[in-house]
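The values are calculated or read from the model by the stated rules, or taken from the named source; none is laboratory data. Being a predicted model, the structure only gives us computed values, none of them experimental. Note that each Cβ is placed from the backbone with ideal geometry, even for glycine, and that neighbours are counted across all protein chains shown. These area figures cover heavy atoms from the full protein model, side chains too; ligands, DNA and RNA do not enter into them. Shrake-Rupley method; radii C 1.70, N 1.55, O 1.52, S 1.80 Å.
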Amino acid sequence: MRESQSTLGRSSSAFASVLTRRRLSLLVILGVVTWAALIALFGGSAALDAIASANGWWLLAALLVHYVSFGVRGLRWRRLLRMAGYRLSYGYATSLLIAGWFVSALLPARAGDLLRVGVLRLEDPRRAAVPVGVGLGSIVSERTLDILAILALGAGFGWSVLHTQAPSWVTVSYVAALALLVGLAVVILAAPTLLDWLRTWSQRFLWQKALNFVQQVVGSLRLLAGRPRVAALVFVESLFIWLSDAMVLWFVIRSLGGDLPFAHAAFVALTVDVLAAAPITPGGVGQIDVAYVALFALTPMVGAAFNVGAAVLLVRFITYWSFLLFSGGVAALAGFGEVIRRLRSEEPTAFTGVDAGASLAVHPSSDASS
């Protein structure tokens, strides 16, 4: 009992290092300014009245869809790691993914992804340590699938809604995301030849170790190409994950009495996802809200009583603010605060988890396609 209390105490202390007063203050200020601006711009008391009178059943449906999508995210990530030969329980993989989202919501540059990589490579008697290159490769695979799904869905719904009338800033956003995807594909295809050539430059230990690390990452990405069944399955999961954003927005609109076709709601939600791919503020606070308002201007709402500000506030409450509390609770209860403490206390080492003598530390399992 004392040991568990001690662990919980250390866990809370570790999370306190992430939830610094300055960081929380910045987040709260951004949130308050955003909420105040949206309420003021969209009628003040009218926006608040719209929120108060929203249909609770539609909001509950939106909440459930959003939370279920994270369950699917955990399933997809577990499948990607299993394909590389590393078996994680569904509960552990999903709780670690949610803990990563929690950290990314508070820190810049998607720091939660680095947390996931760092936790995976820690030694644990219950599971094999995952090399950094393999863990990073699984997350890059996630991002690649995300971009592919968003582009496919967003472009399809956008065409059905706007046809050739899309504003230039929307078109540029989609083209930039497509260019990023194409560039990644070219790098993956050319990587083996390029790495073999770079190995001839020097036989120094650190140089070869760095190349081994890159080869691990690329090897994890190339695994999907050789597993068409798994590739199709994780792509379908990715489509559901991002369609859930569209469903959340559509349910919120319905709760406020708005009558917007699902295709229009999907276009708005998915284009916001494209614009938020590189969050400028913690959790995209303010950035995502402004994107929603700008895109709603392209999709006139049927229903005079509909309030755009109320819709944006409710969507963000469901997808960010409520999930921030939920993910923090999951991370703390799962003991990841203690893991963060371990990571912070360790001495940094270059390319930790990479076997310098191995050309590729990826071990396909016999049932990887399951």
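With every protein chain present, what accessible area does residue 197 have (1.4 Å probe, heavy atoms only), rounded to the nearest 10 Å²?
Surface open to solvent at residue 197 totals about 140 Å².
Taking a probe of 1.4 angstrom, what is the accessible area of residue 206 in Å², to the nearest 10?
My reading of the accessible area for residue 206 is about 110 Å².
Pop the C-beta distance of residue 210 and residue 294 into the FRET formula with R0 = 35 Å and round what comes out to the nearest 0.05.
Working: r = 42 Å, r/R0 = 1.21.
After rounding, the FRET efficiency stands at 0.25.
Mind jotting down the distance between the C-alpha centroids of region 132-151 and region 53-130, whole Å?
So the separation of the two Cα centres works out to 13 Å.
Return the FRET efficiency for the residue pair residue 239, residue 107: r is the Cβ-Cβ distance, R0 is 35 Å, and the value is rounded to the nearest 0.05. Spell out each step's value before the answer.
Working: r = 29 Å, r/R0 = 0.82.
So, using R0 = 35 Å, E works out to roughly 0.75.
Quote the FRET efficiency, to the nearest 0.05, computed for residue 195 versus residue 72 with a Förster distance R0 of 41 Å and r equal to the Cβ-Cβ distance. Walk me through the numbers before you get to the answer.
Numbers: r = 34 Å, r/R0 = 0.82.
After rounding to 0.05, the efficiency reads 0.75.
Is the C-alpha gyration tensor of region 109-152 telling us rounded, prolate or oblate? Criteria: a/c under 1.5 is rounded; beyond that, a/b larger than b/c is prolate, otherwise oblate.
Values: a/c = 3.36, a/b = 2.27, b/c = 1.48.
Prolate shape, in that a/c is at least 1.5 and a/b is the bigger ratio.
Starting from the eigenvalues of the Cα gyration tensor, five times each then square-rooted, give me the equivalent ellipsoid semi-axes of region 46-166, largest first, whole Å.
Values: eigenvalues 219, 83, 39 Å².
So the three semi-axes of region 46-166 are 33, 20, 14 Å.
According to a simple spin-label model (label point 7 Å from Cα along Cα-to-Cβ), what is the distance in nm between residue 128 and residue 89?
So the two model labels end up 1.9 nm from each other.
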